[in-house]
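So the structure is just underneath, and the comments pick up after that.
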Amino acid sequence: MTEELKKMIQNRLLTDYDILLQDNISEEKIKQCIDKIIETLPQKEKDILKDPKMRQDIIRSLLDKIIGLGPLKPLIDDPEVTEIMVNGPFKIYIERRGKMELSPLKFDSEKDLMNAIHKIVAFTKRRVDESIPFVDVSLFDGSRVNIILPPLSLVGPSITIRKFSKDINSVEALISRDTLTKDMADFIIAAVKAKLNIVFSGATGVGKTTTLNILLNYIPHGERIVTI
């Protein structure tokens, strides 16, 4: 019943309020539109939405869909999720605590998935379409995103998001998580300061980029950094 209600309100938002087609519409304005629609619903649906949590969940879901990234938003916000893999609109895999699992979340359609992709790409001023069917970008928080569209992807539009770890921002944090020992950290920091060549190698998700980003803080001021 919740999904039916959400779709009913969503359809009304798209048909009754042209303002939703405008750029940079605020959350508050959308909430006002949703409240007006709810007031016009049959009494049965109104009674269901008297539950504050139910009402808030539906509003939050619609906001994420219209101005956010739909089902990707709660996964991006979840600190335990380190990677998100979208294989078409109906299969979203996540990596949580080093283990892969199929998320119960999904997009309603391929169109909704493409809307999310365009929002991700628009943030970076890049483009992805049939003529340029793949792109690598970064989210505002530093998370890395790879997007592949058909015909290169055989399962529909695909997204891989390797999330940026906000709570791992120091060598001490790496040591506390057993990424490095104290002796290893001291040795690598000394190697950085001595301008030695260093190669980071390892499987996906083991912390290569996170470690590298932290070690950049130990490059002496005034040195040039060239990224290829």
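Is it true that E83 is in a strand (DSSP E or B) and either among the acidic types (D, E) or loosely packed, with under 12 Cβ neighbours inside 10 Å (or both)? In short, yes. Selection over the stretch 80-114 of residues that are among the basic types (K, R) and in contact with an Asp or Glu (Cβ under 6 Å, 6 or more places away or on another chain) gives a count of 1.
Scanning the stretch 213-228 for residues that are modelled with pLDDT of 85 or more and in a loop (DSSP other than H, G, I, E, B) yields I219, P220, H221, G222, E223, R224, I225, V226.
Suppose we filter T204, T210, T179 for residues that are within 14 Å of T82 (Cβ to Cβ) and not in a loop (DSSP other than H, G, I, E, B); which single one remains? After applying the criteria, what remains is T210. Hey, does the stretch 143-162 have a residue that's at negative phi, assigned to a loop (DSSP other than H, G, I, E, B), touching a Phe, Trp or Tyr at 6+ places or on another chain (Cβ under 6 Å) and touching a residue at least 60 places away in the same chain (Cβ under 8 Å)? Yes, the stretch 143-162 contains at least one residue that is at negative phi, assigned to a loop (DSSP other than H, G, I, E, B), touching a Phe, Trp or Tyr at 6+ places or on another chain (Cβ under 6 Å) and touching a residue at least 60 places away in the same chain (Cβ under 8 Å).
Selection of first residues in the stretch 118-141 that are free of Cβ contacts under 8 Å to residues at least 24 places away in the same chain and closer than 23 Å to I228 by Cβ and of second residues that are surrounded by 13 or more Cβ atoms within 10 Å (Cβ to Cβ) and charged (D, E, K, R), restricted to Cβ pairs under 7 Å at least 6 apart or on distinct chains, gives the following pairs, ordered by first then second residue: V135/R126; V137/R126; S138/R144. Residues that are surrounded by fewer than 17 Cβ atoms within 10 Å (Cβ to Cβ), of a type in the set (D, E) and outside any strand (DSSP E or B) are absent from the stretch 131-140.
The values are calculated or read from the model by the stated rules, or taken from the named source; none is laboratory data. Worth saying up front: this structure is predicted, and the values here are computed from it rather than measured. A quick note on method: Cβ atoms are made from the backbone with ideal geometry, for glycine too, and the neighbour counts reach across all protein chains shown.
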